[in-house]
1. Test of understanding: among E187, E165, E181, which residue is at pLDDT 95 or above and surrounded by fewer than 18 Cβ atoms within 10 Å (Cβ to Cβ)?
2. Can you tell me which residue among V110, V72, V88, V83 is away from the ligand (no atom under 13 Å from the Cβ) and at pLDDT 95 or above?
3. Please work out which one of (1) modelled with pLDDT under 95; (2) touching a strand residue (DSSP E or B) at 6+ places or on another chain (Cβ under 9 Å) is the condition V170 fails and give its number.
4. Please give the number of the condition N332 fails out of (1) free of Cβ contacts under 8 Å to residues at least 40 places away in the same chain; (2) closer than 19 Å to P217 by Cβ; (3) in contact with a Lys or Arg (Cβ under 9 Å, 6 or more places away or on another chain).
5. Looking at this structure, is G120 crowded, with 19+ Cβ neighbours inside 10 Å, in contact (Cβ under 8 Å) with a residue 24 or more places away in the chain and either away from the ligand (no atom under 14 Å from the Cβ) or on the phi > 0 side of the Ramachandran plot (or both)?
6. State yes or no: is S161 in contact with a strand residue (DSSP E or B) (Cβ under 9 Å, 6 or more places away or on another chain), among the hydroxyl-bearing types (S, T, Y) and within 23 Å of N68 (Cβ to Cβ)?
7. Given the structure, is L315 at pLDDT 95 or above and closer than 26 Å to K202 by Cα?
8. Restricting to segment 279-306, count the residues that are touching a strand residue (DSSP E or B) at 6+ places or on another chain (Cβ under 8 Å), more than 10 Å from the ligand (Cβ to nearest atom) and modelled with pLDDT of 95 or more.
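The values are calculated or read from the model by the stated rules, or taken from the named source; none is laboratory data. Being a predicted model, the structure only gives us computed values, none of them experimental. Note that we place each Cβ from the backbone using ideal geometry, even for glycine, and neighbour counts take in every protein chain shown.
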Amino acid sequence: MKHLLNLIRKLPPETSHKVGLNGLKGLNKIGLLEKMFDFDSTREQHKATLLNLDFKNRLGIAAGLDKNAEYVDELSKLGFGFVEVGTVTPRPQFGNKKPRVHRFQSQNAVINSLGFNNKGIDFMVNQIRDKKFDCILGVNIGPNKGSRGQQRIDDYSECFSKVIEHTDYVTINISSPNTPELRDLHEISELEKVFNEINRIKKDKQINIPVLLKISPDEDEKTLDLILDNIKSFDISGLIVSNTTIDKSVMKLNGLPDGGISGKPLFKKSNKTLKYISKFLNKQSQKQDNFVLIGVGGVFTKKDFDEKTENGADLVQLYTGFIYEGPAVARNILS
Ligand SMILES: Cc1cc2nc3c(=O)[nH]c(=O)nc-3n(C[C@H](O)[C@H](O)[C@H](O)COP(=O)(O)O)c2cc1C
């Protein structure tokens with residue numbers, strides 16, 4: 001298994017990603033996946049009820065790994081308690097020019113400039129409609145690349161109204177660095193427009209699904225404070241902290257490509273933002289049962305997982321840890 005993983009890792013990153021996940025699909029089809037990665041991911045000590053949802057455990061897959069919800073069953077069988085699929089946009093799009101994923105093995109890091117390559121919301125809905133997964137499902141939504149102004153708000157609305165009946169929670173992604181001007185949505189007047197629409201749809205459809213917001217680790221405290229002050233008025237059920245960083249100083253290398261940095265170099269930076277937010281909410285007594293903080297960024301081991309929870313995370317996600325540690329990463333962290 002180790003040799004096979006090493007071989008797959010030698011392929012170009014996007015090919016290796018596809019080959020690896022399709023390999024897991026193949027193993028699942030012949031009933032070998034659970035046997036190979038067998039452990040009890042549902043032990044009583046791992047269980048948590050948050051957002052009125054029953055999580056078999058607190059470790060999840062972060063957005064971007066399964067952009068089109070094609071591998072949820074497999075990821076759940078590897079032991080993850082929840083899988084966040086997407087980012088999905090209304091219309092399919094290719095994303096940015098290749099190569100757009102770079103691995104830096106010596107630093108356990110990835111830099112990506114994918115730009116929301118995905119098959120569109122209708123494909124996603126077909127993937128998840130009428131399916132029962134053995135884990136909680138989240139759908140992460142975003143706008144198409146060329147959308148600006150009202151069209152961008154409409155993009156979130158379209159994805160949200162199409163997916164609301166088919167998922168356990170939805171994440172509003174305003175923090176990917178690879179879609180031009182997306183991070184401007186951290187501005188409160190812009191964010192308000194998005195949540196006005198989201199809350200209107202929830203009301204119209206009478207479905208009170210949890211809606212989370214995924215934020216960037218590169219924002220200053222003033223911007224964070226404004227968002228935190230508006231959690232209640234926007235009816236935000238949780239924050240995902242954080243997306244990738246564009247701060248190249250976290251890597252000890254020169255001449256890096258542009259894009260979002262993930263993995264080990266992001267660990268400290270995302271923890272700092274997480275801790276700041278957790279403290280802010282505790283001070284304001286805003287941290288209630290039905291609000292969650294999801295810690296993400298640089299989780300590879302049980303120690304990393306524990307540090308996220310010590311910094312205030314109720315749930316933890318990972319992506320780059322999956323690339324470097326392989327499909328047994330959930331078992332290693334949870335057992
Ligand atoms: C190749 C790649 C693609 C990603 N795509 C998305 C995405 O589509 N939407 C999103 O919200 N985050 C995306 N992310 C960010 C991850 O969800 C996560 O927030 C970030 O990588 C930090 O976690 P990690 O250090 O465990 O990877 C992506 C990350 C990587 C490495």
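1. Numbers: E187 fails: at pLDDT 95 or above; E181 fails: at pLDDT 95 or above.
Answer to the selection: E165.
2. Working: V110 fails: away from the ligand (no atom under 13 Å from the Cβ); V88 fails: away from the ligand (no atom under 13 Å from the Cβ); V83 fails: away from the ligand (no atom under 13 Å from the Cβ).
Only one candidate qualifies: V72.
3. (1)
4. Of (1) free of Cβ contacts under 8 Å to residues at least 40 places away in the same chain; (2) closer than 19 Å to P217 by Cβ; (3) in contact with a Lys or Arg (Cβ under 9 Å, 6 or more places away or on another chain), only one is false for N332: (2).
5. Numbers: crowded, with 19+ Cβ neighbours inside 10 Å: no; in contact (Cβ under 8 Å) with a residue 24 or more places away in the chain: yes; either away from the ligand (no atom under 14 Å from the Cβ) or on the phi > 0 side of the Ramachandran plot (or both): yes.
Criteria not met by G120.
6. Numbers: in contact with a strand residue (DSSP E or B) (Cβ under 9 Å, 6 or more places away or on another chain): no; among the hydroxyl-bearing types (S, T, Y): yes; within 23 Å of N68 (Cβ to Cβ): yes.
For S161, the condition - in contact with a strand residue (DSSP E or B) (Cβ under 9 Å, 6 or more places away or on another chain), among the hydroxyl-bearing types (S, T, Y) and within 23 Å of N68 (Cβ to Cβ) - is not met.
7. Values: at pLDDT 95 or above: yes; closer than 26 Å to K202 by Cα: yes.
Yes; evaluated as a whole, the condition is true for this residue.
8. Residues in segment 279-306 being touching a strand residue (DSSP E or B) at 6+ places or on another chain (Cβ under 8 Å), more than 10 Å from the ligand (Cβ to nearest atom) and modelled with pLDDT of 95 or more: 3 in total.
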